[in-house]
Amino acid sequence: MNVIAELPVNDILGELLAALLGRGIAILRAPPGAGKTTLVPLALMRDPAFTGRIFMTQPRRLAARTAAARLSFLNQSTLGLDIGYQVRMERQWGKSTRVVAMTTGVLLRRLLNDPFLEGVSVVVLDEFHERTLEMDIVLGLLVRLRQTVRPDLKVLIMSATIDCRPLSEFLESAPVIESQGRVFDVRVIYNRQISKEPVETLVADVLPKALAATDGHLLVFLPGVGEIIKTERTIQSIAAQAGARVWQLFGDMPPGEQDAVLATGGDRKVILATNVAETSLTIDGVTGVIDSGLVRIMRFDASVGLSRLVLESNSLASADQRAGRAGRQAPGICYRLWPESMNRARASFETPEVLRGDLTGALLQLSGMGESDFAGFPWVTRPTSPAVAGAMLMLQSIGAMEESRITESGRELLRVPLSPRLARLLIASHRAGVSKRGALAAALLSERDPFRISRHAKSPRVRTPVDRQSVRGKSDLVDKVTRIEKALAGNDDPELNRGALHQVVRTADYLLQSLSSRDVEDESLDATADNQSKNTDVATSPDEDTALRLAIWQAYPDRLARRRHVGSDRGLMVGSVGVRLSSTTCVLDAELFVGVDVEQRERDAEVRIASEVDRSWIDARQLRTVVEYFFHPTQGNVQARRREYWFDLVIAESSIAATDKDAITAILYEQVVLNWEQVFPSGDPAVGGFLKRIKCLRQWLPEEDWPDVSIESLQVIARQLCHGRRSIDELKTAPWADCMITLLTYDQKRRLDELAPESWKAPSGNQVPIEYDSTQNPRISIRLQELFGLADTPRIAGGRVAMLLELLGPNRRPQQLTDDLASFWKNTYPIVRKELKRRYPKHHWPDDPLATPATRSGLKRDAE
């Protein structure tokens, strides 16, 4: 017990217990190694003021089990008597147990069945900084419980790195007790520079230094099992040379293997661990830590209803937690595989799961406890409205909720220790008479996939892509269940990891026992396997396969997808999510399928497990049949189709006649607006000329109210022209110029030709077109001979604007550009006449053009 007395938390126990008794709720912040998980539960148990049972939650099963074992050891009692634990599928405590360590999920389920926590005097929420969704919900429920029927219930929140101020404010200024310092110092060493080498290479580079710097065990933090396997292969020889043995430690390992890693004695250890070893876990003899600085975080995108496992940098709080593992029993050292300068880019704390996770299970549990007003629930951090809406939509799709109320079916789902979706799968398979297969399927989806890489493999094993010419099936999940059944019957499957398979079977048995039917509770998959002879085939009825596929469909109705076309590996899923079938899937022919395991990607989401859906399974009463009009981009016209929708996914469609004129007009007009420059006939002389004339008059006669012929006003004309037409080609040939006249009043129509005529009658009698341009004077191109007798430059716009004259020779080529005709006759004409008369002697070149009648052709004979 001397160890207990030396722990720093011992110094503040009196203050902590007094705060709990006085306020009923308190926050303890104590650095790693201070002894909070060890000392506080024992102190509560021994204090006569706390007479009831003490529940202490841990975020992980391993932490709950090891915390209970250590407390029992320090208390010198047998595990399961005074001190016990409960995790999923394991319970070791009885009526006389005072302290129970449990996962947060176990406490949440207990609150569902025993909302008053009868007989419990204190609830300790340890490692609260991890901010799992279950933690937030449990705290909210405890707050609500204290405010109503259990004001006597004491709540203690403990963490090493939590930001206490906002949490204290949320708990109405709950007292914060702080314990000082670690037991031992930890020296932190950073990499000098950023490296793009894989994490296993970085670990191998620093491992010799770490082994030399300390005599104790080393704990290496890695983001996942895949990195653990690669690192183990890379460092085996390095560790062996130092006389150390490499171990693996992660949450999905069987309890026996986890206990072997934590056991004292034996060779020096290099333990490759995920963040399962980050908190509430003392591994005796660890004095060195290598921190990769990486963590895999599941982030849920409510807009598409999919999760994505993202590799990220851990937070500064997490890095402190990891470093603290090296200083729990002796001075330690921590190597961080990133430069110290990169700390500025790291978050201070982890993002609460309520802001990045799937809320479906949480909302169903709250509904089962009578919490229908999710906005009014006492959240530490309030979830976003889109996330709540998305979760409600999924729960409604599987029949668990109606509007904001839980259904009887939803209550039934709560009785199964699974997520709502997998609970629906298990119950649906049970009702279809395939409980064992449904339990295996649910276990496969909730545990580590036994068909993935073996953690003891000496070389990486990658699943071979499906031979699409020879392998075809209706469901990847059913296929996996069948392979497991055959393996349990004695058939060898080289892709199966036997350790992971055992965990799947163990979970499946646990799920079977959770069902209410007595005839299924007594069935054990392990017992079945033991009684089967080796190398015997398991014959599976096609009807059983269909029943299991139907159960899968009932669990994933909001994941229905339709293949884009026959033979394609791409499809469209509910939510307008583009999907691509994985190269390992056997579902090659199905038009309709559900994405059981879908991971969001940059482009199309990847469907790693698919299951075919028969069209007859879809309840016609839940389909939405509509007639929709749309623009066909290739044919360039408006068409109509009758479509059947499941949520927002079209599962069937057929062409029909387009008869709704208003709908046709609206869609065609939409395309006109989107493709205005291609549709509007600006190259039509009548259209273009009209617009130029109006623009010029607005400039020349600003006092008059000439219309603004903007694109917006022209699009009003376009909408009128769309009526009665259904294609772009028809619209291009429509009478745009005639319709544009409607922009003018009656008086403006009359004055338009008067002030800005389309042509000008020359002295020769010819009508010469006028070219309008708002950037310069109007212009006409005319032969010299047609202007004989005209002394001054012609003008328009009521005489305000002189026309620009482009004077042409007999060859129709410009000879002079002028807006001063009088000056031209006087000064320039004699020069032009001399040159052109020599070249064109047949044309009329009088000495005095003002005294000579104009001619149409310019030839002498026409002038005579």
Neighbourhood net charge (10 Å Cβ-Cβ; Lys/Arg +1, Asp/Glu -1) for Ala277: +2
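In region 586-684, what GluC sites (Glu not before Pro) fall in a loop by DSSP, with at most 13 other Cβ atoms inside 10 Å?
Glu602
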Debye equation applied to the C-alpha atoms of region 205-339, log10 I(q)/I(0) at 0.11, 0.12, 0.15, 0.21 Å⁻¹: -0.39, -0.46, -0.70, -1.34
Separation in nanometres of the label points that stand 7 Å from Cα toward Cβ, at Ile189 and Leu316: 2.4 nm
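Suppose the chain between Leu309 and Arg405 were pulled fully straight at 0.36 nm per residue; how much longer would it get relative to their current alpha carbon spacing? Mind showing how you got there, number by number?
Values: separation 96, 0.36 × 96 = 34.56 nm, distance 3.12 nm.
31.4 nm is the gain from fully extending Leu309 to Arg405.
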Rg(Cα) / (2.2 N^0.38 Å) computed for region 211-278, rounded to two decimals: 1.05
Accessible-area value, Ile717, 1.4 Å probe, nucleic acids and ligands omitted, Å²: 0 Å²
Distance between region 90-107 and region 203-230 - C-alpha centres, whole angstrom: 34 Å
Amide H within-cut-off set for Cys334, under 5 Å, with H built and near neighbours excluded: Arg187, Val188, Ile189, Val289
Electrostatic dipole magnitude of region 107-242 [Cβ: Lys, Arg +1; Asp, Glu -1; Cα centre; debye, to 20]: 120 debye
Amide H contacts of Leu808 (H built 1.01 Å from N, under 5 Å, at least 5 apart or other chain): Ile782, Arg783, Leu784, Gln815
Cα centre as origin, Lys/Arg/Asp/Glu Cβ charges: region 228-358 dipole, Debye: 380 debye
12 Å beta-carbon shell around Leu804, net charge (K/R +1, D/E -1): -3
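Just list whichever of Lys36/Lys95; Lys230/Lys436; Lys692/Lys761; Lys761/Lys860 have alpha carbons separated by over 29 Å in the model shown.
From the list (Lys36/Lys95; Lys230/Lys436; Lys692/Lys761; Lys761/Lys860), the Cα-Cα distance tops 29 Å for Lys230/Lys436.
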Helical mean residue ellipticity (222 nm; -39500 (n - 2.57) per DSSP H run of 4+; nearest 500) of the chain: -10500 deg cm²/dmol
Efficiency of FRET from Cβ geometry, Asn766 and Lys842, R₀ 25 Å, rounded to 0.05: 0.80
Alpha carbon centroid spacing (whole Å) that separates region 10-75 from region 370-420: 33 Å
Between region 643-668 and region 709-744, the alpha-carbon center distance in angstrom: 25 Å
Tail weight of P(r) past 11 Å, computed on alpha-carbon pairs of region 244-292, percent: 70 percent
Estimated FRET transfer efficiency (Ser857, Asp819; beta-carbon r; R0 22 Å; 0.05): 0.30
Solvent-accessible area of Ser583 with every protein chain in place, 1.4 Å probe, in Å² to the nearest 10: 60 Å²
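Per residue, what accessible area does the chain have, given a 1.4 Å probe and all protein chains present, in Å²?
Ligands and nucleic acids excluded, the figure is 45 Å² per residue.
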Carbon plus sulfur fraction of accessible area for the chain, probe 1.4 Å, in percent: 48 percent
Trypsin sites (Lys or Arg not before Pro) within region 206-281, DSSP loop, no more than 16 other Cβ atoms inside 10 Å: none
Net charge dipole size for the chain [Lys, Arg +1 and Asp, Glu -1 on Cβ; Debye, nearest 20]: 1680 debye
Arg698/Ser759 FRET efficiency (R0 22 Å; Cβ-Cβ; nearest 0.05): 0.55
Label assignment, Rg and Dmax of the Cα atoms in Å derived from the structure, set (1) 28.7, 97; (2) 41.5, 138; (3) 28.0, 88: (2)
Descending principal axes extents, region 669-816, alpha-carbon based, whole Å: 54, 38, 25
Antiparallel bridges, percent of DSSP beta bridges restricted to the chain (to nearest 5): 50 percent
Share, in percent, of DSSP beta bridges within region 49-114 that are antiparallel, nearest 5: 25 percent
Cβ-defined net charge surrounding Lys826, 14 Å radius [Lys, Arg +1; Asp, Glu -1]: -3
Computed accessible area, Phe73, all protein chains, 1.4 angstrom probe, square angstrom: 150 Å²
Region 10-125 shape via C-alpha gyration tensor axes, a/c threshold 1.5: rounded
Added length on full extension, which subtracts the Cα-Cα distance from 0.36 nm per residue, Gln147 to Gln241: 27.8 nm
Spacing of the two label points (7 Å from each Cα toward its C-beta) at Met342 and Lys95, in nm: 5.7 nm
Highest-first arrangement of 56-65, 768-777, 614-623, where packing means the average Cβ count within 10 Å: 56-65, 768-777, 614-623
Trypsin sites (Lys or Arg not before Pro) within region 774-834: DSSP coil, no more than 15 neighbouring Cβ in 10 Å: Arg800, Arg812
Potential lengthening between Gln622 and Ser372 on full extension [0.36 nm per residue; Cα-Cα distance subtracted]: 87.5 nm
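The values are calculated or read from the model by the stated rules, or taken from the named source; none is laboratory data. Nothing here was measured: the structure is a model prediction, and the numbers come from that model. Methodologically, a virtual Cβ is constructed for each residue, glycine included, from the backbone with ideal geometry; neighbour enumeration extends over all protein chains shown. To get the accessible areas, we keep the full protein, side chains included, count just its heavy atoms, and leave off ligands, DNA and RNA. Shrake-Rupley method; radii C 1.70, N 1.55, O 1.52, S 1.80 Å.
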